[in-house]
Amino acid sequence: MSLNDTPSGERPHIAFFGLTNAGKSSLVNAITGQDLAIVSEKKGTTTDPVQKAMEILPLGPCLLIDTPGLDDTSELGAKRIARSLRVLAHTDLAVLVTEAGRSLSREEQAFIQNVEAEHLPLLCVANKADLLEPGAQKAKDLFFVSARTGYHIPELRETIAQRLCQNEQQKQVLCRDLVGCGEICLLVIPIDSAAPKGRLILPQQQVLRDLLEGQAIGLVTSPQTLPLALNKVRPKLVVCDSQVFDQVAEETPDSIALTSFSILMARYKGYLAAAVKGVQAIDQLKDGDTILMAEGCTHHRQCEDIGTVKIPRWLKAHTGKKLNFVTSSGNAFPEDLSGIALCVLCGGCMLNAREMQSRLRLALAQNVPVTNYGIVIAAMRGILPRAISMLPGFSGREVSGA
Ligand SMILES: Nc1nc2c(ncn2[C@@H]2O[C@H](COP(=O)(O)OP(=O)(O)OP(=O)(O)O)[C@@H](O)[C@H]2O)c(=O)[nH]1
Ligand code: SF4
Ligand SMILES: [Mg+2]
């Protein structure tokens, strides 16, 4: 996916699950109208989840994910099944591909229970309908399709789009609810050696885009020209890069609302309240504690060394403790968090809301507090109450000592 495409975190994730040979890969190909996935009569052809960013009508940009079979009995089968199930963490709509004319297997039934436990939308389709006797395609709740003949494929695309549109309508906006039509939002973006050459990073682009959609006026300044900008305009909201939070807080009058890109992202991805609660764990950190810094992308990170160098240095100085730091990146979030005292998530602009919330649930289930980059920086600088108090549902008093 190029930088000009819709980011994967913004695309609904549609994942296809099922037994080996059910026709998952064939169905992905039929829906996209392209030979993306390898198809064969040999069981276990797909060995790793394969994802592809696509535009399919009438849905628009989305991410289709083909997975290995849920009944893979090969030597590596258990690992492949675990990888398939891990895909559920970032799936917005699960499609269970069964075969027409047979009843659900034990694995398929267990999968349905798994999806229901995650409160995830599920679509069950019975593939290979072409092999049924005419008139036999009536089973309740099952969508009869044929990847081979194209039978019901346009209807399946429509149904997928409808189910996902319901999700989209419930989505949290990024910042346009904070700055009204015609009001000014001033973005403070440092252009230093850590900034990528020739472009803005994704959270900055997304905030600008959201302001435009809300008919607000988005202005951009560097920290150096912030005083000049504030002399010329009176913004309703200032949004800054977390790294310059303290300088921006000092120079922005208290009467102007101030927050960071990272805090807006945590709200957008649905875990801000938990992250504000989780940050209070920094005051309980002890010598020898290990902190997990979880980044959402792999190499060519857009956030440079903020998670790996700067926050660790600032946290050690703030707490005065001898802390250890471990890092995870991309989709490789560890399932076992034993020995982790605090988990600090990045803004997660490359990941979808479900993935961020699933990381949160996984950590909280193991009693590991979770917070995020911008929140931990704001808390260390003593400006967290101010940085959240303008957000609906927050007053700033959520932060202890505020
Ligand atoms: N008759 C018929 N055969 C189909 C249909 N869809 C897929 N097949 C065949 O079923 C076999 C398995 O298809 P795949 O798409 O590779 O199945 P899969 O679920 O991805 O299998 P694994 O990757 O092994 O888990 C192939 O021989 C396909 O040609 C269909 O609608 N009708
Ligand atoms: S590290 Fe996180 S916030 Fe930074 S660019 Fe990657 S996904 Fe986005
Ligand atoms: Mg396959």
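The values are calculated or read from the model by the stated rules, or taken from the named source; none is laboratory data. Please read these numbers as outputs of a predicted model, since none were measured by experiment. All Cβ positions, glycine included, derive from the backbone under ideal geometry; neighbour counts span all protein chains shown.
Computed values, structure above
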quantity	calculated
Within segment 254-299, tally of residues that are in contact with a Lys or Arg (Cβ under 7 Å, 6 or more places away or on another chain) and under 24 Å from Pro12 (Cβ atoms)	2
Answer residue from segment 41-91, given it is outside any loop (DSSP other than H, G, I, E, B) and small (Gly, Ala, Ser) and is farthest from ligand 2 (Cβ to nearest atom) among those	Gly77
Scan of segment 239-253 for residues that are among the hydrophobic types (A, V, I, L, M, F, W, C) and part of a helix (DSSP H, G or I), ordered by number	Val244, Phe245, Val248, Ala249
Filtered residues of segment 309-345 (kept if of a type in the set (D, E, K, R) and surrounded by fewer than 13 Cβ atoms within 10 Å (Cβ to Cβ))	Arg313, Lys322, Glu335, Asp336
Subset of segment 192-226 that is surrounded by fewer than 16 Cβ atoms within 10 Å (Cβ to Cβ) and acidic (Asp, Glu) - its residue that is modelled with the highest pLDDT	Glu213
Number of positions in segment 207-238 that are assigned to a helix (DSSP H, G or I) and under 19 Å from Gly347 (Cβ atoms)	5
Filter pass, Leu59 being outside the structural domain of Phe143 (by TED's automatic domain parsing), out of contact with any Pro (no Cβ under 6 Å at 6 or more places or on another chain) and at pLDDT below 90	no
Residue that is hydrophobic (A, V, I, L, M, F, W, C), more than 14 Å from Ile160 (Cβ to Cβ), near ligand 1 (Cβ under 8 Å from one of its atoms) and at pLDDT 90 or above, where the choices are Ala37, Ala22	Ala22
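Here is a yes/no grid of residues against (1) within 16 Å of Cys240 (Cα to Cα); (2) more than 21 Å from the chain's Cα centre (by Cα):
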residue: Leu351; (1), (2): no, no
residue: Asn367; (1), (2): no, yes
residue: Ala379; (1), (2): yes, yes
residue: Gly382; (1), (2): yes, yes
residue: Gly393; (1), (2): no, yes
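Residues are listed down the side, and each one gets a yes or a no for (1) free of Cβ contacts under 8 Å to residues at least 40 places away in the same chain; (2) over 28 Å from the mean Cα position of the chain (by Cα); (3) under 30 Å from Arg361 (Cα atoms); (4) surrounded by fewer than 23 Cβ atoms within 10 Å (Cβ to Cβ):
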{"position": "Leu228", "(1), (2), (3), (4)": "yes, yes, no, yes"}
{"position": "Val238", "(1), (2), (3), (4)": "no, no, no, no"}
{"position": "Ser255", "(1), (2), (3), (4)": "yes, yes, no, yes"}
{"position": "Ala274", "(1), (2), (3), (4)": "no, no, yes, yes"}
{"position": "Ala281", "(1), (2), (3), (4)": "no, no, yes, yes"}
